[in-house]
Amino acid sequence: MTLDELGPDNRATVVALEIRGTQRRRLMDLGLLPGTEVRVDMTSPLGDPTAYLVRDGLIALRRSQARAVHVEVRDGSERQ
Amino acid sequence: MSNAHLLDQAAALRDDLPADFQDGIVESIYADAAAISSHTVSRDSQRARLTADRLLDRALTHRVWGFAVMGVLFFAVFWFTIVGAAAPSAWLYTLLVDNGHAWLRDGFVALGSPAWLTGILIDGAYLGTAWVTAVMLPPMAIFFPLFTLLEDFGYLPRVAFNLDRLFSAAGTHGKQSLSMMMGYGCNAAGVTATRIIDSPRERLIAIITNNFSICNGRWPTLILMGTIFIGALAPPALGSVVAAGSVVTVAVIGVLTTLLVSWALSKTVLRGQTSAYSLELPPYRRPQLWRTLHTSLIDRTLFVLRRALLMAAPAGAVIWLISNVDVGGTSVAAHVVGALDPLGLALGLNGVILLAYIVAIPANEIIIPTILMLTMTLGSGMSGAQNGVMIELGPAQTETVLIQIGGWTLLTAINLMLFSLLHNPCSTTILTIWNETKSLKWTSLATLLPLTLAFAVTFLTATVARLAGWV
Amino acid sequence: MTSGFQASSAGPACTSCAIYNSANLAKLGVETGDYDYVAAVAGNPNTGKSTVFNALTGLRQHVGNWPGKTVARAEGGFTYRGLGYKLVDLPGTYSLLSTSNDEEIARDFLLFGRPDVTIAVVDSTRLERNLNLVLQILQITDRVVVALNLMDESQRHGITIDVRHLGRELGVPVVPMAARKGEGLPELLEAVEQVATRQPATSVRRVKQRNAALERAVATLSDKLGQAFPGLPNTRWVALRLLEGDPSTEQAVRDGTLGDLGRGAAEAGSARPTGTAAR
């Protein structure tokens, strides 16, 4: 699944970034790279962007970007 | 040179590396960072953000409360600015404009200074400087520290977060909402504030559209027009509400214009992919109250004084000169007003207003005094105004002067409000745009696009009003 | 204000102590004409970088809670124990590897400005994400002091940091601070002086590439660079940039500016401190 589909309070691990070039570098500079644990923290009242907890920082990404971040939900964090 | 072999060698080595080796560089650094921090950092609780921060964020980005708090906070900033600045402005006005001007004038006359010298220096340059200082200094000294406190607390990034979707739809960055807000204090400061936007494309859009945030120097014009011409349409009890409503409407038109022009720019000259959007929401921090007040106060005071000396003083001198230098028995001002009148009337304005806007490019805050002075001195033999000496009148007198001598109508007032909102930025702002972009092309666009828009919109409203027979 | 975080030996910070009061630290504001050393202040956005800068210089630069607030370089100066330091505030950046304007300014200054000391300001509440930049800085220069700022906040958040261990891991001095309150300032000055006046540390942390092929390529190219430009202090970093095909680094190799860097570094290591300190 991709980061934009991640539910609130679910933990996930980044598996791949599906963007190239400077945009990819930017995300990595913010600490978002394969293996990083992420969590949805809150969503803008207008529905987009969403802020994610990444390495103790709160990083807001627009949906179009979050869609390029592939994640894997960590076991036991899925809320049913 | 001989070093070229190093580049060849680098290229050869690069060839043998896996395609994603660049990722590896960042990954290696982060892996090291993670290893070091896992050895050195220990925590009491789990990796959760501080609960207070989380709760605050829940409230400040809430669907209802988020916007409510935002509205209240920004309203409070403006309210404090307007209310708080009134007394110091009046005091400075009495000191610098009323008394200071009279003292200096008497002094110059006593020293035997020729009339033209006293005119240029005291009635022109000094009065322009004094006027700008009195009108601008108090609001700037209140607005910016308040804004800075919100910034230091960490609130402003949340505003960008809340509003991002609007700006995203216009093809720009959510942080533009903040350079916009800053522009309500001063467009030059707003343009500088666009530095927080790191993509050049989105930053240029924010710079060019900052003009549509009504700065401190333009509020007085809007408020006066709203009070005299629009508030007067309503029954007396509702007058001030209607007047305030008209000013707010103009501000809202400004916001819509910002979004619309941003959208148009991002679809045309500043086309391009929306660049990587990233916004870090920093932890909330207690602002350093006194330090912030002190720093902003000093920064702003120096800024306003510098601007008054560099920009308003020459403008004041020019106003005096064009009113007092005669060519063929009529003053230069009268000639220019006569020449500008046809264009001005086509725009629903008049020649006096256009001339005032030309001489007031350095400082918008002298628009109204200049208009009053020109209207009275060029009008049919009214006394009470001297050539080239800017004046201020109470609302009632202003109304008499503008309607009876100037021949103003409701259309003139509405179009003056629109023109004030849309027209080109002041010269300080233009200079700042140049400093920030170092590009003649973008500086020109940022200057001429609003001016063109101002002409187009006022021409449109004037034409519609005339065709409909409202005037 | 009492605080328990002073892991170093200097005892509680006190703003009225002689150690950095008027005698030793005459705040010079922008007078930086006659200085003995150049110090750069680098760090992520929102780490209190400008607060540290202001605390050292007395310059009241606005401290914004934003990335890239200081786009143009702010400069100031201070004297400490009779030595003049020119202090340069670099833009707040997350990295030195990308191509944003801010990062280029910071990177070029560290590389070409050859500061005698670089103060890397770090948010102690978010150490891991900040170390990314510190490790990159350590690839360019080994004359680094880490200012572990916002210790009051990390304490409030229940975070404990083993400062000594961090210093050993990085191979450079680490000073715990709360710059807003002036805490840790004397220790920072002490560390800055130490790094500026002495030979650089030899045990500085250099990130090894995890990819073996990349590590080999870096080592090979780094050797060649060392031969072509003797004295160049950061061959591994330059090698990485060349492998990435960074245009400005390629240009510096082609026109030989990189060579000046090597000579400059060699001079700075020997002649400069003693030459001017007597003034």
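The values are calculated or read from the model by the stated rules, or taken from the named source; none is laboratory data. Note that the coordinates shown come from a computational prediction; the quantities given were computed from them, not determined experimentally. Positions of Cβ are backbone-derived with ideal geometry, glycine not excepted, and every protein chain shown enters the neighbour counts. Please note that ligands, DNA and RNA were not included when accessible areas were found on the heavy atoms of the full protein model with its side chains. Shrake-Rupley method; radii C 1.70, N 1.55, O 1.52, S 1.80 Å.
Summary table
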read-out: Any helices (runs of 4 or more DSSP H) falling wholly within region B:376-471 and containing at least 2 residues that are more than 18 Å from the chain's Cα centre (by Cα) and surrounded by 20 or more Cβ atoms within 10 Å (Cβ to Cβ); value: B:410-422, B:440-467
read-out: Residues (at the interface with chain B (Cβ under 7 Å from one of its Cβ atoms), over 28 Å from C:Glu104 (Cα atoms) and either open to solvent by 50 Å² or more (accessible area, probe 1.4 Å) or modelled with pLDDT of 90 or more (or both)) located in region A:14-48; value: A:Met42, A:Ser44, A:Pro45, A:Leu46, A:Gly47
read-out: Of the criteria (1) in contact (Cβ under 8 Å) with a residue 24 or more places away in the chain; (2) assigned to a helix (DSSP H, G or I); (3) not hydroxyl-bearing (Ser, Thr, Tyr), which one B:Asp341 fails; value: (1)
read-out: Residue count, region A:7-39 (criterion: part of a helix (DSSP H, G or I) and free of Cβ contacts under 8 Å to residues at least 12 places away in the same chain); value: 7
read-out: Failed item in (1) under 34 Å from the mean Cα position of the chain (by Cα); (2) aromatic (Phe, Trp, Tyr); (3) crowded, with 21+ Cβ neighbours inside 10 Å, with B:Tyr30 passing the rest; value: (1)
read-out: Number of the condition not met by C:Gly226 [criteria: (1) free of Cβ contacts under 8 Å to residues at least 12 places away in the same chain; (2) closer than 20 Å to B:Phe21 by Cα; (3) in contact with a Ser or Thr (Cβ under 9 Å, 6 or more places away or on another chain); (4) of a type in the set (Gly, Ala, Ser)]; value: (2)
read-out: Every residue from region B:334-370 that is farther than 20 Å from B:Trp219 by Cα and open to solvent by less than 10 Å² (accessible area, probe 1.4 Å); value: B:Gly344, B:Leu347, B:Gly348, B:Gly351
read-out: When residues of region B:262-299 are limited to those that are aliphatic (A, V, I, L, M) and open to solvent by less than 20 Å² (accessible area, probe 1.4 Å), the one modelled with the highest pLDDT; value: B:Leu265
read-out: Subset of region B:420-471 (residues that are under 20 Å from B:Leu259 (Cβ atoms) and free of Cβ contacts under 8 Å to residues at least 24 places away in the same chain); value: B:Thr452, B:Ala456, B:Leu460
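Matching residues to (1) within 11 Å of chain B (Cβ to nearest Cβ); (2) open to solvent by less than 60 Å² (accessible area, probe 1.4 Å); (3) touching a helix residue (DSSP H, G or I) at 6+ places or on another chain (Cβ under 6 Å):
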{"residue": "C:Leu189", "(1), (2), (3)": "no, yes, yes"}
{"residue": "C:Val195", "(1), (2), (3)": "no, yes, no"}
{"residue": "C:Val204", "(1), (2), (3)": "no, yes, yes"}
{"residue": "C:Val207", "(1), (2), (3)": "yes, yes, yes"}
{"residue": "C:Asn211", "(1), (2), (3)": "yes, yes, yes"}
{"residue": "C:Val218", "(1), (2), (3)": "yes, yes, yes"}
{"residue": "C:Gln227", "(1), (2), (3)": "yes, no, no"}
{"residue": "C:Asn234", "(1), (2), (3)": "no, yes, yes"}
{"residue": "C:Leu243", "(1), (2), (3)": "yes, yes, yes"}
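Listed here are the residues, each with its yes/no results for (1) of a type in the set (D, E, K, R); (2) crowded, with 24+ Cβ neighbours inside 10 Å; (3) modelled with pLDDT of 85 or more.
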| residue | (1), (2), (3) |
| --- | --- |
| C:Leu83 | no, no, yes |
| C:Thr93 | no, yes, yes |
| C:Phe112 | no, no, no |
| C:Ala147 | no, yes, yes |
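Condition check ((1) closer than 21 Å to C:Val207 by Cα; (2) more than 12 Å from every other protein chain (Cβ to nearest Cβ); (3) under 14 Å from the mean Cα position of the chain (by Cα)) across all residues:
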{"residue": "C:Leu96", "(1), (2), (3)": "yes, no, yes"}
{"residue": "C:Asp102", "(1), (2), (3)": "no, no, no"}
{"residue": "C:Gly113", "(1), (2), (3)": "no, yes, yes"}
{"residue": "C:Val117", "(1), (2), (3)": "yes, yes, yes"}
{"residue": "C:Arg126", "(1), (2), (3)": "yes, no, no"}
{"residue": "C:Arg129", "(1), (2), (3)": "yes, no, no"}
{"residue": "C:Leu138", "(1), (2), (3)": "yes, no, yes"}
{"residue": "C:Arg143", "(1), (2), (3)": "yes, yes, yes"}
{"residue": "C:Leu148", "(1), (2), (3)": "yes, no, yes"}
